[in-house]
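The values are calculated or read from the model by the stated rules, or taken from the named source; none is laboratory data. Because the structure is predicted, anything quoted here is derived from the model rather than measured. In this analysis, Cβ positions are derived from the backbone assuming ideal geometry, glycine residues included, and neighbour counts consider all displayed protein chains. In case anyone asks, the SASA skips ligands and DNA or RNA and just uses the protein heavy atoms, side chains included. Shrake-Rupley method; radii C 1.70, N 1.55, O 1.52, S 1.80 Å.
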Amino acid sequence: MGRIRVLPDQVANQIAAGEVVERPASVVKELLENSLDAGATEVRIEIENGGRRLIRIVDDGCGMLRDDALLAFERHATSKLRNVKDLLSISTLGFRGEALPSVASVSRLLLETRSADEATGTRIEIAGGKMLRCEEAALGGGTVITVRDLFYNVPARRKFLRTEPTELAHIASLVTHYSLAHPDKSFRLVSGPNELLSVTPVASMKERVYQVFGSQILDELVEIGVRERDLFLPPPSVPPSQAIAEYRSEPEDPPMRRFRLGGFFSRPQVQKANRNSIYIFVNGRLIRDRLVMHALGSAYHNLIPPSAYPFALLFLECDAEEVDVNVHPSKTEVRFRHGNFVHDFIRDTLRERLMESRPAPSFSPAPMPARSPVAQAGAQLPYSEFSQMVADADAGAESLAAAASPAAPAAMPEFRTRLDFSFPPIEVAPGPAPSGKLSSRRLDMHGEFPADSIPVPESSLSQLSDLRPLGQIHESFIIAAGRDGLWIIDQHVAHERILFEQVLKQRAAGRVETQRLLMPLILTLTPEQQIDYARIADELTASGFETEPFGNRTIAVKSAPAAVAGPDLERILFEILETAEGELRGASLDDLRRNICASIACRAAIKINMRLDFAKMEWLLKALAATDCPMSCPHGRPIAMHYSTREILKAFHRI
Ligand code: ADP
Ligand code: MG
């Protein structure tokens, strides 16, 4: 007798569940996607014990006919797909027909549903994949699915579940993000007695972001608006005989595809330790995608440090044919047909928007007053990345105070390691925060500050162009007065940014100024460096380093960019090889080019601990204002701090 058997459905479903149902949040994801596919406008999700004991999702969607309700639990039973061709143009979130049977095989599931086309509804109960009950029931329209005791029959899986708050946070994060993708719908998430999210329909995504996160987070974000780029496809090559026939008939499919990008992403001063705050939706589907991640990283290249991640909420829309969603059972991965196009579109769009908004980091002397509205509880759960963002935003507001107090040196580590002053840290943080009460007791005898002379706070660094330098502190930071308050500018990183953009532009125009060395500089490379050198040699030449192999594992450098002084040359070249070797192996040419330019700029820039005369300071501020990105240096450090008039007035209890 043969040894191969076809597995019973129940086993097959449990195997599928292994891929589809990883944790309670995956169940919520599948059920929520089903509700959205069913055209629901109101979705309520109830959770108990982090989703282990209970997940219930109630929607007002189209519901199911009795026969369909029974069929829905069959493997590969779906109403969303008819044939293989449909697979190429899927517009629903689901299509595999796997979720319901998978979930039902690892839990006790109750389905209550009624379609508008039937007078009564259907109630179906299933436990561990076995149908226990199927009956007619008097129900309202829509669907309620209750999933109890997840993994009760799969102890191995149950062991992998994390603590209740962790599982709940995953669910909250998921629902929060789906609510952002659908501002026109109502979402409610309740865990036990607590309401974690409750949003009513609004007209725009911006309003939804405001509803969910509150006004403060919104200030930290750049809105993309809607940006489009068209991809022109080459006309399909057809045999001449067919071509004549096609010439006569109207071409059905214009060889053009439109891509749209919308959403929000953080300004460079928001820096996260991991990529958990990055949410990418492609045609309304929440996905994880390396290509989009890379595009996002490239957009921030030279704006935030390579180890930091932004917050991003990106919505990419394109023709269904441009993206293959059938890559993974949990449908969280996709494959783009024109990956390079998508990558560059996202990178360029984000970069453009970052430059247009050109924001400045500011610091506030006092803890922020209560914001209105405050972020919703669901966005504040312990492990929710959004709650971390709220926390980070608060920490950021107080980072200067933190840096000034020896008890919290970690707040600005870069700052401390780069400066070797022997003086005590700079005291800028004022005393205790003015409370609302205090400021209302403001004493008139100090003179009123004319209200109309308080400038409307502007976060744009374009105001840098009319800054008046007042002097330097520690021969490292330029203090300047502007239209709205006071600025502190790190002279080294400011100059670094100016040079970086200059070198990058020269490089793009193929006009890098170079100097010939009197004597070629001979460098000995390790075998790895030798490989990296071979890979980037052309790029080095284009950037102004004329090098050539010189015997075994040795290169001769004959000329260098004019900006680089002799003694720095060796260090700079090894630095470039090191980056080429480390994070950048296999990275794009664009990233490599920017890294080379950043190294040149860093070495050539004015140092700290260097006295500058007023003319030089003025020049520096003007040149900085003219850069595309005056807010952070090519390594991602901040360049300028802004102390607005409003903040100054607040600190003196004048408003
Ligand atoms: P898929 O979503 O891939 O089609 P599922 O197993 O998730 O597969 O669902 C099977 C079918 O059950 C769906 O195609 C849909 O017709 C129906 N269905 C599931 N959930 C709902 C719901 N909330 N409202 C209406 N129909 C639903
Ligand atoms: Mg589904």
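Out of all the residues in segment 323-330, is one or more under 22 Å from L350 (Cβ atoms) and surrounded by 21 or more Cβ atoms within 10 Å (Cβ to Cβ)? Show your work before the answer.
Applying the first criterion (under 22 Å from L350 (Cβ atoms)) to segment 323-330 yields 323.
Still in the list and also surrounded by 21 or more Cβ atoms within 10 Å (Cβ to Cβ): 323.
Taking every residue of segment 323-330 in turn, at least one turns out to be under 22 Å from L350 (Cβ atoms) and surrounded by 21 or more Cβ atoms within 10 Å (Cβ to Cβ).
Could you tell me which residue of segment 1-24 is farthest from ligand 2 (Cβ to nearest atom), considering only residues that are within 29 Å of the chain's Cα centre (by Cα) and buried (at least 22 other Cβ atoms within 10 Å of the Cβ)? Show your work before the answer.
So the first thing to find is which residues in segment 1-24 are within 29 Å of the chain's Cα centre (by Cα), and the list is 18-24.
Right, trim to buried (at least 22 other Cβ atoms within 10 Å of the Cβ) and you get 20-21, 24.
Details: V20: 9, V21: 12, P24: 16 Å.
So, considering only residues that are within 29 Å of the chain's Cα centre (by Cα) and buried (at least 22 other Cβ atoms within 10 Å of the Cβ), the one farthest from ligand 2 (Cβ to nearest atom) is P24.
Can you report the number of residues in segment 601-637 which are closer than 13 Å to S465 by Cα, hydrophobic (A, V, I, L, M, F, W, C) and touching a residue at least 40 places away in the same chain (Cβ under 8 Å)?
Residues meeting the conditions: 7.
Just for strands (runs of 3 or more DSSP E) wholly inside segment 261-350: which have at least 2 residues that are in contact (Cβ under 8 Å) with a residue 24 or more places away in the chain and in contact with a strand residue (DSSP E or B) (Cβ under 6 Å, 6 or more places away or on another chain)? Walk me through it before giving the result.
On the way: elements: 278-282, 285-287, 312-317.
By residue number, 278-282, 312-317.
Name the residue, out of T166, T176, that is in contact (Cβ under 8 Å) with a residue 60 or more places away in the chain, under 18 Å from V27 (Cβ atoms) and under 17 Å from the mean Cα position of the chain (by Cα).
Numbers: T166 fails: under 17 Å from the mean Cα position of the chain (by Cα).
Unique residue meeting the criteria: T176.
If I ask for residues that are free of Cβ contacts under 8 Å to residues at least 12 places away in the same chain and not polar (S, T, N, Q), which ones from segment 496-541 would you list?
Residues satisfying the conditions are K505, A508, A509, R511, L518, M519, I531, A534, A537, D538.
In segment 8-42, which residue that is in contact with a strand residue (DSSP E or B) (Cβ under 6 Å, 6 or more places away or on another chain) and within 9 Å of ligand 1 (Cβ to nearest atom) is nearest to S186 (Cα to Cα)?
So the residue we want is A40.
Out of all the residues in segment 88-126, which are more than 14 Å from ligand 2 (Cβ to nearest atom) and of a type in the set (D, E)?
Correct list: E112, D117, E118, E125.
Picking from I555, I522, which residue would you name as being in contact with a Pro (Cβ under 7 Å, 6 or more places away or on another chain) and more than 25 Å from A605 (Cβ to Cβ)? Talk me through it step by step, then tell me what you get.
On the way: I522 fails: in contact with a Pro (Cβ under 7 Å, 6 or more places away or on another chain).
Sole residue among the options that is in contact with a Pro (Cβ under 7 Å, 6 or more places away or on another chain) and more than 25 Å from A605 (Cβ to Cβ): I555.
For segment 477-501, which positions are of a type outside the set (A, V, I, L, M, F, W, C), farther than 13 Å from R637 by Cβ and more than 28 Å from the chain's Cα centre (by Cα)?
First, the residues of segment 477-501 that are of a type outside the set (A, V, I, L, M, F, W, C): 482-485, 490-492, 495-497, 501.
Subsequent filtering for residues that are farther than 13 Å from R637 by Cβ retains 482-485, 501.
G482, R483, D484, G485, listed by residue number.
Only residues that are open to solvent by less than 10 Å² (accessible area, probe 1.4 Å) and either modelled with pLDDT of 95 or more or touching a Lys or Arg at 6+ places or on another chain (Cβ under 9 Å) (or both): list them for segment 176-195, please.
Selection gives Y178, S179, L180, F187, L189.
Here is a check on your reading of the model: is E220 surrounded by fewer than 16 Cβ atoms within 10 Å (Cβ to Cβ) and touching a residue at least 60 places away in the same chain (Cβ under 8 Å)? Reasoning before the result, please.
On the way: surrounded by fewer than 16 Cβ atoms within 10 Å (Cβ to Cβ): no; touching a residue at least 60 places away in the same chain (Cβ under 8 Å): yes.
For E220, the condition - surrounded by fewer than 16 Cβ atoms within 10 Å (Cβ to Cβ) and touching a residue at least 60 places away in the same chain (Cβ under 8 Å) - is not met.
Is it the case that some residue within segment 147-159 is surrounded by fewer than 18 Cβ atoms within 10 Å (Cβ to Cβ) and in contact with a Leu (Cβ under 6 Å, 6 or more places away or on another chain)?
Yes, segment 147-159 contains a residue that is surrounded by fewer than 18 Cβ atoms within 10 Å (Cβ to Cβ) and in contact with a Leu (Cβ under 6 Å, 6 or more places away or on another chain).
Among residues belonging to segment 76-87 that are of a type outside the set (A, V, I, L, M, F, W, C) and surrounded by fewer than 18 Cβ atoms within 10 Å (Cβ to Cβ), point out the one that is nearest to ligand 2 (Cβ to nearest atom).
K80
Pairs only if they're at least six apart or on different chains, beta carbon under 7 angstrom, first in segment 86-106 and in contact (Cβ under 8 Å) with a residue 40 or more places away in the chain and closer than 19 Å to G39 by Cα, second more than 10 Å from ligand 1 (Cβ to nearest atom) and in a helix (DSSP H, G or I); list them, first residue then second.
S89/A320; S89/E321; I90/A320; S91/A320
Restricting attention to segment 25-58, and to residues there that are of a type outside the set (A, V, I, L, M), part of a helix (DSSP H, G or I) and within 16 Å of ligand 2 (Cβ to nearest atom), which single residue is farthest from N194 (Cα to Cα)? Spell out the reasoning first.
Filtering segment 25-58 for residues of a type outside the set (A, V, I, L, M) gives 26, 29-30, 33-35, 37, 39, 41-42, 44, 46, 48-53, 56.
So of that shortlist, the ones also part of a helix (DSSP H, G or I) come out as 26, 29-30, 33-35, 37, 49-51.
Right, trim to within 16 Å of ligand 2 (Cβ to nearest atom) and you get 26, 29-30, 33-35, 37.
On the way: S26: 21, K29: 20, E30: 23, E33: 23, N34: 25, S35: 22, D37: 27 Å.
Among them, the one singled out is D37.
Do we find a residue being within 13 Å of ligand 1 (Cβ to nearest atom), more than 27 Å from the chain's Cα centre (by Cα) and crowded, with 16+ Cβ neighbours inside 10 Å anywhere in segment 45-52? First the steps, then the outcome.
Step one: list which residues in segment 45-52 are within 13 Å of ligand 1 (Cβ to nearest atom), which gives 45.
Imposing the further condition that a residue be more than 27 Å from the chain's Cα centre (by Cα) reduces the set to none.
No, because not a single residue in segment 45-52 is within 13 Å of ligand 1 (Cβ to nearest atom), more than 27 Å from the chain's Cα centre (by Cα) and crowded, with 16+ Cβ neighbours inside 10 Å.
Does segment 613-635 include one or more residues that are out of contact with any Ser or Thr (no Cβ under 7 Å at 6 or more places or on another chain), part of a loop (DSSP other than H, G, I, E, B) and modelled with pLDDT of 90 or more? Even if it seems obvious, please write down each step before you answer.
Within segment 613-635, the first condition is being out of contact with any Ser or Thr (no Cβ under 7 Å at 6 or more places or on another chain), and the residues that meet it are 613-621, 623-624, 626-635.
Still in the list and also part of a loop (DSSP other than H, G, I, E, B): 613, 626-631, 633-635.
Going one step further and asking which of them are modelled with pLDDT of 90 or more, we end up with 613.
Looking for residues that are out of contact with any Ser or Thr (no Cβ under 7 Å at 6 or more places or on another chain), part of a loop (DSSP other than H, G, I, E, B) and modelled with pLDDT of 90 or more, one finds at least one in segment 613-635, hence yes.
Is there a residue being open to solvent by less than 20 Å² (accessible area, probe 1.4 Å) and in contact with a helix residue (DSSP H, G or I) (Cβ under 8 Å, 6 or more places away or on another chain) anywhere in segment 646-654?
Of the residues in segment 646-654, the ones open to solvent by less than 20 Å² (accessible area, probe 1.4 Å) are 649.
Checking which are in contact with a helix residue (DSSP H, G or I) (Cβ under 8 Å, 6 or more places away or on another chain) leaves us with none.
No, segment 646-654 contains no residue that is open to solvent by less than 20 Å² (accessible area, probe 1.4 Å) and in contact with a helix residue (DSSP H, G or I) (Cβ under 8 Å, 6 or more places away or on another chain).
Looking at segment 450-465, can you tell me whether even one residue there is open to solvent by less than 30 Å² (accessible area, probe 1.4 Å), modelled with pLDDT of 90 or more and under 23 Å from C633 (Cα atoms)?
No, that holds for no residue.
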